[in-house]
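Here is the structure we will look at.
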Amino acid sequence: MAEETAGEDRYGCMIEVKNLTKRYGSVEAVRNISFTVKDGVICGFLGPNGAGKSTTMNIIAGCLAATDGEVTVNGCDIYEDPIGAKSSVGYLPEQPPLYPDMTAEEYLAFVGEARGLSGDKLWEAVDRAVKRTAIEEYRDRLIKNLSKGYKQRVGIAQAILADPKTIILDEPTVGLDPRQILEIRSLIRELGKDHTVILSSHILGEIAEVCNEVVIIAHGEIAAADTLENLVNRYEGKNVVDITVRGDIGAVRRIADSVPQITEAEIDPLPKGQVRARLSADRGTDVREALFFRFADARIPILSMNFEETTLEKVFLELTAEKREPAVSDPADGADGSLSAEEIFARRAMENVGKDAPGSGEIAASAAADKPEAAGEADEPETPEKSEKPDKPDKPDKPDKPDKPEKPAKPARGEQDSDDYTPLFGG
């Protein structure tokens with residue numbers, strides 16, 4: 001029991017990432033990030049396209065070397081004990097690493113052998129993976145003849161084949177139809193019962209539907225890492241009632257001031273005697289009922305009333321927007337720090353192209369400028385030659401062109417043709 005307790009303490013944190021950095025040249029795709037993933041949870045890795053999700057997952061899976069930092073998987077350092085760490089990970093990249101000319105069963109057997117399985121253990125693992133991913137009917141079919149949804153299932157099957165403690169899935173539902181998406185989500189929930197799962201996505205609904213915890217990454221940095229409920233509660237701050245009425249702006253302000261739970265009021269006049277008010281209240285407080293009765297007592301008609309709740313989408317937009325300012329540290333790419341790593345790369349590429357284009361233009365311009373000078377310089381000594389223009393009467397020699405009448409000699413060409421024709425037939 002003591003050993004089990006020690007093991008639980010040791011592996012309570014399945015994945016630990018410390019100060020991880022990945023640079024491509026001078027561009028930092030991932031910048032000094034740190035987070036942990038607990039054993040037995042489904043963790044959503046959430047971020048916009050180009051945020052650094054795939055880079056981080058490749059490093060955790062041991063497919064890509066980091067520039068700096070530490071990664072521990074199941075107690076094994078990915079650099080000091082790569083075999084121990086990688087044996088604990090099953091990885092499905094965004095593009096499944098499938099061999100289209102193999103059947104699903106042949107492919108899984110090949111992967112199993114690469115993972116060190118053989119004999120009965122190999123085929124038991126293949127049967128188990130095939131059953132869990134529900135591809136029994138297609139195990140003998142060539143992978144190239146499978147639909148995209150079933151190719152994804154085969155990819156997931158290879159990830160879980162050796163029964164790893166951690167399964168990493170990078171954008172597993174991209175390009176699937178709605179039915180296939182629901183099936184893959186259901187499969188991920190099932191996998192989460194026996195494995196630690198990291199699910200990468202930029203689809204908020206997918207993360208909210210499947211995951212227990214969320215790590216939000218933006219512009220190569222961790223913006224937040226917590227449970228969904230805690231994230232929403234932490235960044236909720238206040239509830240907002242957006243209300244439009246027809247009445248006097250002063251009366252609307254007095255009613256807003258009369259509700260003690262309202263902490264902030266933005267009141268603006270609208271055309272046709274209407275007034276719009278955005279009224280903020282403390283978190284967990286709903287002031288709609290109080291407002292309704294107060295406006296009714298004042299005989300001020302309510303034209304519309306909307307209650308704005310904080311959702312994961314709003315939290316995501318807020319966090320990714322907050323991380324945009326410090327995204328760039330290189331003053332050459334913008335001292336205000338307003339560009340992401342991807343935007344820096346694109347800008348530098350365009351600058352290089354721009355440098356080449358104007359450079360070549362300047363060279364061409366200078367060359368063009370040199371030509372008139374050279375021509376001018378040549379003209380000066382040749383000016384006397386211009387006086388020789390009288391010699392140009394040689395042009396009358398052009399009448400020699402009357403030699404063209406020799407064209408009648410073309411009949412000779414006919415004779416020549418006949419000569420050429422005869423030997424072709426030997427006489």
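Every number in this text was worked out from the coordinates using simple rules, so none of it is lab data. Bear in mind that the values here come from a model prediction, so they are computed numbers and not experimental data. Reconstructed Cβ throughout: ideal geometry from the backbone, glycine too, with neighbour counts over all protein chains shown.
A compact table of results
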quantity: Loop sites in region 221-277: trypsin sites (Lys or Arg not before Pro), DSSP, at most 13 other Cβ within 10 Å; calculated: 272
quantity: Footprinting exposure proxy for 99, 138 (fewest neighbouring C-beta atoms within 10 Å first); calculated: 99, 138
quantity: Amide H partners (placed H, <5 Å) of residue 203, local residues excluded; calculated: none
quantity: Label-to-label distance, nm, for residues given as residue 289 and residue 113 (7 Å Cα→Cβ offset); calculated: 7.0 nm
quantity: Contour minus Cα-Cα distance for residue 148 and residue 49 (0.36 nm per residue); calculated: 33.5 nm
quantity: Chain lengthening between residue 189 and residue 102 when straightened (0.36 nm per residue, less Cα-Cα); calculated: 28.5 nm
quantity: Under the Debye formula (equal points on every Cα, no solvent term), log10 I(q)/I(0) of region 20-233 at q = 0.12, 0.15, 0.16, 0.18 Å⁻¹; calculated: -0.62, -0.97, -1.09, -1.34
quantity: Residues whose placed amide H lies under 5 Å from that of residue 44, excluding near-sequence neighbours; calculated: 199, 212, 213, 214, 215
quantity: Positive-end residue, region 20-233 charge dipole about Cα centroid, Cβ charges, pick of 147, 30, 46; calculated: 147
